[in-house]
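Here is the structure we will look at.
Just so it is clear, none of the values below were taken in a lab; they were calculated from the coordinates. Fair warning: this is a prediction, and the values are worked out from it, not measured in the lab. With ideal geometry, Cβ positions are generated from the backbone for all residues, glycine too; neighbour counts draw on all protein chains shown.
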Amino acid sequence: MSLGPLIFRVHAIKRMFQRRISKDDVRHVLEAGETIETYPHDTPYPSRLVLGWRQSRPLHVVAADNADTGETIVITTYEPDPEEWERDCKTRRRR
């Protein structure tokens, strides 16, 4: 999937720095990854959770698309926690 401009929320930038996730990592996940959850009621834009891999490192990116501008807003990104996610990094563990 081809992406337009990425807009990084301040929260995303802070987390990327803390977690050593680059802008290239985020772009790769959004372009090549798989949407594993959608949040259609999020505002101001519906958002989604995307799983992608950088080498053997799984990454989740939460992003929203502004259809009017063609921009993708990056909300946060992180490595899935094995306590919360199954080994496939797609399925939440039941509690």
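Table: residues versus (1) among the hydrophobic types (A, V, I, L, M, F, W, C); (2) surrounded by fewer than 16 Cβ atoms within 10 Å (Cβ to Cβ).
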| residue | (1), (2) |
| --- | --- |
| 10 | yes, yes |
| 19 | no, yes |
| 22 | no, yes |
| 27 | no, no |
| 43 | no, yes |
In region 55-64, how many are crowded, with 17+ Cβ neighbours inside 10 Å and farther than 16 Å from residue 90 by Cβ?
-> 2
Take region 35-53 and flag every residue that is charged (D, E, K, R) and within 15 Å of residue 74 (Cβ to Cβ).
-> 42, 48
Selection status of residue 3, under 18 Å from residue 89 (Cβ atoms) and either surrounded by 12 or more Cβ atoms within 10 Å (Cβ to Cβ) or within 12 Å of the chain's Cα centre (by Cα) (or both) | no
So which residues in region 54-95 are without any contact (Cβ under 8 Å) to a residue 24 or more places away in the chain, closer than 16 Å to residue 29 by Cβ and over 11 Å from the mean Cα position of the chain (by Cα), if there are any at all?
-> 55, 56, 57, 65, 85, 88
Determine the pairs where a residue that is within 10 Å of residue 48 (Cβ to Cβ) and touching a residue at least 12 places away in the same chain (Cβ under 8 Å), located within region 24-37, has a partner that is in a loop (DSSP other than H, G, I, E, B) and among the acidic types (Asp, Glu) with Cβ atoms under 6 Å apart, the partner being 6 or more residues away or on another chain.
-> none
Before we move on, is residue 15 among the basic types (Lys, Arg), under 16 Å from residue 3 (Cβ atoms) and surrounded by 14 or more Cβ atoms within 10 Å (Cβ to Cβ)?
-> no
Given (1) of a type in the set (S, T, N, Q); (2) in contact (Cβ under 8 Å) with a residue 24 or more places away in the chain; (3) surrounded by fewer than 17 Cβ atoms within 10 Å (Cβ to Cβ), number of the condition residue 47 does not satisfy = (3)
